1. Determine, yes or no, whether Thr158 is surrounded by fewer than 21 Cβ atoms within 10 Å (Cβ to Cβ), touching a residue at least 12 places away in the same chain (Cβ under 8 Å) and of a type in the set (S, T, N, Q).
2. Please note which strands (runs of 3 or more DSSP E) are completely contained in region 355-431 and include at least 3 residues that are more than 24 Å from the chain's Cα centre (by Cα) and more than 25 Å from Gly285 (Cα to Cα).
3. Go through region 186-224 residue by residue and tally those that are surrounded by 13 or more Cβ atoms within 10 Å (Cβ to Cβ), touching a residue at least 24 places away in the same chain (Cβ under 8 Å), over 19 Å from Phe132 (Cα atoms) and not basic (Lys, Arg).
4. How many of the residues in region 390-413 are open to solvent by 70 Å² or more (accessible area, probe 1.4 Å) and at pLDDT below 95?
5. In the set Gly67, Gly60, Gly54, Gly30, which member is in the same structural domain as Leu154 (by TED's automatic domain parsing), modelled with pLDDT under 95 and either open to solvent by less than 30 Å² (accessible area, probe 1.4 Å) or within 16 Å of the ligand (Cβ to nearest atom) (or both)?
6. Restricting to region 61-82, what's the tally of residues that are part of a loop (DSSP other than H, G, I, E, B), touching a Phe, Trp or Tyr at 6+ places or on another chain (Cβ under 7 Å) and closer than 19 Å to Glu186 by Cβ?
7. Here is a list of conditions, (1) within 29 Å of Lys371 (Cα to Cα); (2) within 16 Å of the ligand (Cβ to nearest atom); (3) open to solvent by 20 Å² or more (accessible area, probe 1.4 Å), and Tyr300 meets all of them except one; can you say which number that is?
8. How many residues are open to solvent by 20 Å² or more (accessible area, probe 1.4 Å) and within 17 Å of Trp167 (Cα to Cα) if we restrict to region 42-51?
Amino acid sequence: MKRRNFVAAGAYGLGAMALNPLLRMHGEGGGMWATTVFHPAAERMAWWREARFGLFLHWGLYSILAGEWMGRTDYAEWIRNNAHIPIDTYDRLVGRFNPVKFDADAWAGMAKGAGMKYVTLTTKHHDGFCLFDNPLTDFCVRSTPFRRDICTELNAATERAGLRQCWYHSVMDWHHFEYLPRRDWEAETRAVGGAHIANYLPYLHGSVRHLLTKYGDIGVMWFDGNWEGTWTHDMGMELYDVCRQAKPDVIVNNRTEGWSQSVATRHPGDFSTPEQTIPATGLPGVDWESCITMNHNWGYNAHDHDFKSVPELIGMLVDTASKGGNLLLNVGPMADGTFPAESVDRLAGMGKWMQVNGDAIHGTTASLFAKSPFRSTTKGNRINLFVTDWPADGALPLPGLRTRPRSVSLAAQPDRHPTLNTDATGAMGLTALGAAPDPVCSVIVLDFDRPPVVGA
Ligand code: GLC
């Protein structure tokens, strides 16, 4: 994290609140952006809204270096840039990419087991290396000892597992000759020559078309690296159109747009992408997906063992869902093709919880409660309450609930029914909760005869 490009780190996090019209319209509660209403195509967003939880995979040549260069150990997928690795040196990693233990079904199985519904793979990160057999460049998996097209195998596996395959693809490209700007530190060793970013576009578009037409039913094109001064509004619009034409119902994130653009004319994309953060009050009226790492890095770093705990990660998933967003949780696979042990452990831990409580996450919408001692989600005539601080006195107020539930039960123990009480003022609450069914976060299910109403 420390060595990350600060523009990248801030661009979609909290810093984006001031820049992104979608965020701004809600973040500032009105003003000139309040009229900028964004209508996502409900049909193409349906599966994605239902999904709520996906796996982000950052994998590439950088995984071989495992975050280490010349004695420093805090790098990851930005290593070529941040450690100033000359292009020829970096290119030689192609000869070392041989993930003999790569098993796409194992990856898809772990995602599915965790309760995830989609998998977003870095088909190409900023270093420019393609994990797929890209007919438009040799700087791809075809040139490695491994040769096998990672995208083909992963796509087949996710399909078998019933997950949606999604592609991350970097606009910024530190390898393509025509892409500009060069890194400032390589100005002398890598001349600009006659390069022009306009000549890079056919390559970018061709790669994207390939990714959207030569594999299965791709769910999302997830762009990134769109903040450099050479990338313009028009280029962003065109890229969005390339996707839409290649696959009319593909969902495209909000990172096709040029950052040199005035906020008023920015293309919003189909969903917002807060990075390493969950917006305090969600982003009402806008589709959004928080992408978050399990430790401190996106790409594999052999020295970074500071992983979030399973309870913390479950808390993040619940927090995101209760605010009406998706969580894209990252794993940085190792060079041999396997996931770090800590990630395997976290996915399994979340899966254990999701197996019991997943119904309170999938297909839900944001909490109806303005203020409450629990988080919640809504699904038709049902409200799910997520209780992390299980009340010692067995009593839980339901502040603002106006409609009376037909039944109250526990997701983990459907036969256990806490008692519903209404006091003299009409305020409802639960009593006789008994012991918490889950040590981390227990789900209480309220079922109504009609869509429930919650007031202030
Ligand atoms: C940033 C980083 C990149 C990472 C991405 C994930 O934009 O540049 O390394 O892939 O965030 O959202």
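The values are calculated or read from the model by the stated rules, or taken from the named source; none is laboratory data. This structure is a prediction, so every number in the text was calculated from the model and none was measured. Cβ placement follows ideal geometry from the backbone for every residue including glycine, while neighbour counts extend to all protein chains displayed. In case anyone asks, the SASA skips ligands and DNA or RNA and just uses the protein heavy atoms, side chains included. Shrake-Rupley method; radii C 1.70, N 1.55, O 1.52, S 1.80 Å.
1. On the way: surrounded by fewer than 21 Cβ atoms within 10 Å (Cβ to Cβ): no; touching a residue at least 12 places away in the same chain (Cβ under 8 Å): yes; of a type in the set (S, T, N, Q): yes.
Against the criterion (surrounded by fewer than 21 Cβ atoms within 10 Å (Cβ to Cβ), touching a residue at least 12 places away in the same chain (Cβ under 8 Å) and of a type in the set (S, T, N, Q)), Thr158 does not qualify.
2. Values: elements: 375-379, 382-387, 407-410, 419-422, 428-431.
It comes to 407-410, 419-422, 428-431.
3. 2
4. Count: 2.
5. Working: Gly67 fails: modelled with pLDDT under 95; Gly60 fails: modelled with pLDDT under 95; Gly54 fails: modelled with pLDDT under 95.
Exactly one of Gly67, Gly60, Gly54, Gly30 is in the same structural domain as Leu154 (by TED's automatic domain parsing), modelled with pLDDT under 95 and either open to solvent by less than 30 Å² (accessible area, probe 1.4 Å) or within 16 Å of the ligand (Cβ to nearest atom) (or both), namely Gly30.
6. 3
7. Here Tyr300 meets the rest and fails (1).
8. Our first condition is that a residue be open to solvent by 20 Å² or more (accessible area, probe 1.4 Å); within region 42-51, this holds for 42-44, 46-47, 49-50.
Okay, now just the ones that are also within 17 Å of Trp167 (Cα to Cα), so 44, 47.
Selection size over region 42-51: 2.
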